[in-house]
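Here is the structure we will look at, set down as structure tokens.
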Amino acid sequence: MKENEIVIRENVEMDFIEDPNYEIIQNSGVQNFLEKIRPAWQAKNLVQRTIKILPVDPSSACQRIFNASIHDLREKVIIAGLDIAQATAKTYKLPPITSEEDITERYDTSKLITLAHRMGLLSRPEYRKIMRVYDIRKDLEHEDDEYEAGVEDVVYVFRTCVDIILANDPVHIIKITDIKNIIEEPKPTFLDSAVIEDYRVAPTPRQLEIYQMLISISLNQDHPDIVRENSYNAIASLRPFTNRNVLLEAASDFNDNRLDRRSPLQKEMRVAYVSGLLPYLRSAYKKDFYENFLKKMYTTSYHWTSYQKHGELLRDLKEVGGLFYIPEEIKQGYIEWLILCYIGEPGEYGYYGRNRKVFYSNFGAPLSYEILESDESLKRTIVEQTVKGSSKIQNLIKDKFVKRRLDDIFDLFNDN
């Protein structure tokens, strides 16, 4: 007997002999589950026959409600998108899909449930529950005279099939063009909550397509600045709702195809940070970038006379995560530079120094303080080690007014 055929005991519907456990089944609330089935399925014969046969043959009713849910699941896979089903089947080595008929007629039940899970239509717990129902259904089908559905089977089967599948509307998955049309507006745009929610519930293959598209556009100089910035903002909005597997796949593509054995550019690190890919970049790539950036910082100089260059320089550092992702072996160099930029040097000389005890960069000092403050992993002991090991800082804090500014930095930390 084929898996998708409904097993019906001979003459059951003609005898109308009520099952001895039916009163208990009624009291268990199974009828409430049936009432939750969405209207589109309530009217279908398959559900109506299930309701009719439940009092006399709970085992057949269990099989019928399961089959109804599988029919519904097949329809939901098609509505979600044949392209996503094809990509998912290929990724997870499921039977290939070339047409809707493969899903409606040729995909066996267990593979269909797996496909729906991998597409994101069933969560992992939901997938496991439906597979348990499938096991119960097989027992009822193949051990007809030996295994009868007990009250607990009926309740579990009906609750699971209805709550997970039959009560829920099909998912209309967000399209790539939906996002593309928004970011290509010739003005600053941001994704609204409805679009973000559609993305959140989209299956992994569709999320990956959208995420990689946005990353590509944000880094492609052929696109107008406004479109690239809209893409960047869209990535920032979608990042909290992006599946971890999407991040891993996108990071792998970023490492292998975009960087391909070279240090990232500033714009690439900026996008890698906002998209959540930065932690997954190869350590050697990150180290090269941060070593080169540190050289740029010292070439620019922390001295207050370079204040006009500090704004762009330190904003660039903030846009790649500040101090958070910098390898420990070069992190102290950053901390030293930021401290030197913040504390400044003794003042009270020259025309502008008459009323200024300390000269410091008006642009660089507040940004340096902000970067040090934002790194939650930074400890007072690390700052103390940096201060003690820096002859430049030691020389400057001989001035009591400069020393007070260093105390501002120590005040950031509660640890000893």
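The values are calculated or read from the model by the stated rules, or taken from the named source; none is laboratory data. Treat the numbers as computed from the prediction; the structure is a model and nothing was measured. Neighbour counts are summed over all protein chains in view; Cβ atoms, including those assigned to glycine, are modelled from backbone coordinates with ideal geometry.
Some values worked out for this structure:
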| item | result |
| --- | --- |
| Hits in the stretch 84-119 (condition: farther than 20 Å from Asp169 by Cα and either among the hydrophobic types (A, V, I, L, M, F, W, C) or under 26 Å from the mean Cα position of the chain (by Cα) (or both)) | Gln86, Ala87, Thr88, Ala89, Lys90, Thr91, Tyr92, Lys93, Leu94, Ile97, Lys111 |
| Qualifying residue in the stretch 335-357 (condition: out of contact with any helix residue (DSSP H, G or I) (no Cβ under 7 Å at 6 or more places or on another chain), of a type in the set (Lys, Arg), assigned to a loop (DSSP other than H, G, I, E, B) and not assigned by TED's automatic domain parsing to the domain that holds Ser237) | yes |
| Checklist (1) part of a helix (DSSP H, G or I); (2) touching a Lys or Arg at 6+ places or on another chain (Cβ under 9 Å); (3) over 16 Å from Ile164 (Cα atoms) applied to Glu101, failing item | (2) |
| Failed item in (1) within 25 Å of Gln48 (Cα to Cα); (2) in contact (Cβ under 8 Å) with a residue 60 or more places away in the chain; (3) surrounded by fewer than 17 Cβ atoms within 10 Å (Cβ to Cβ); (4) not basic (Lys, Arg), with Thr91 passing the rest | (1) |
| Spans of helices (runs of 4 or more DSSP H) in the stretch 232-304 with at least 1 residues β-branched (Val, Ile, Thr) and within 15 Å of Asp316 (Cα to Cα) | 266-275, 283-300 |
| Failed item, numbered, when Val274 is tested on (1) without any contact (Cβ under 8 Å) to a residue 40 or more places away in the chain; (2) of a type in the set (Val, Ile, Thr); (3) touching a Phe, Trp or Tyr at 6+ places or on another chain (Cβ under 7 Å) | (1) |
| Residue that is farthest from the chain's Cα centre (by Cα) [pool: residues in the stretch 255-268 that are touching a residue at least 24 places away in the same chain (Cβ under 8 Å) and over 14 Å from Ala284 (Cβ atoms)] | Gln266 |
| Contacts under 9 angstrom Cβ, first residue in the stretch 388-416 being assigned by TED's automatic domain parsing to the domain that holds Glu370, partner outside any helix (DSSP H, G or I) and among the β-branched types (Val, Ile, Thr), 6 or more apart | Asp399/Val358; Phe401/Val358; Val402/Val358; Lys403/Ile397; Arg404/Val358; Arg405/Val358; Arg405/Ile397; Leu406/Ile397 |
| Members of the stretch 292-312 that are surrounded by fewer than 19 Cβ atoms within 10 Å (Cβ to Cβ) and either touching a strand residue (DSSP E or B) at 6+ places or on another chain (Cβ under 9 Å) or without any contact (Cβ under 8 Å) to a residue 24 or more places away in the chain (or both) | Lys295, Lys296, Thr299, Thr300, Ser301, His303, Thr305, Lys309, Glu312 |
| Single match in Glu209, Glu197 (criterion: among the acidic types (Asp, Glu) and surrounded by fewer than 17 Cβ atoms within 10 Å (Cβ to Cβ)) | Glu197 |
| Cβ pairs under 6 Å, 6+ apart, first in the stretch 121-139 and assigned by TED's automatic domain parsing to the domain that holds Lys111, second outside any helix (DSSP H, G or I) and of a type outside the set (Val, Ile, Thr) | Asp139/Tyr147 |
| Ser361 vs. criteria part of a loop (DSSP other than H, G, I, E, B), over 37 Å from the mean Cα position of the chain (by Cα) and among the small types (Gly, Ala, Ser) | yes |
| Within the stretch 50-67, tally of residues that are assigned to a helix (DSSP H, G or I), in contact (Cβ under 8 Å) with a residue 24 or more places away in the chain and either crowded, with 17+ Cβ neighbours inside 10 Å or among the hydrophobic types (A, V, I, L, M, F, W, C) (or both) | 11 |
| Which numbered condition Lys76 misses (of (1) in a loop (DSSP other than H, G, I, E, B); (2) buried (at least 16 other Cβ atoms within 10 Å of the Cβ); (3) among the charged types (D, E, K, R)) | (1) |
| Index of the failed condition, Val383 passing every other in (1) assigned to a helix (DSSP H, G or I); (2) surrounded by fewer than 16 Cβ atoms within 10 Å (Cβ to Cβ) | (2) |
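Table: residues versus (1) crowded, with 20+ Cβ neighbours inside 10 Å; (2) farther than 21 Å from Thr386 by Cβ.
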residue: Ser263; (1), (2): no, yes
residue: Asp288; (1), (2): no, yes
residue: Glu319; (1), (2): no, yes
residue: Phe324; (1), (2): no, no
residue: Lys331; (1), (2): yes, no
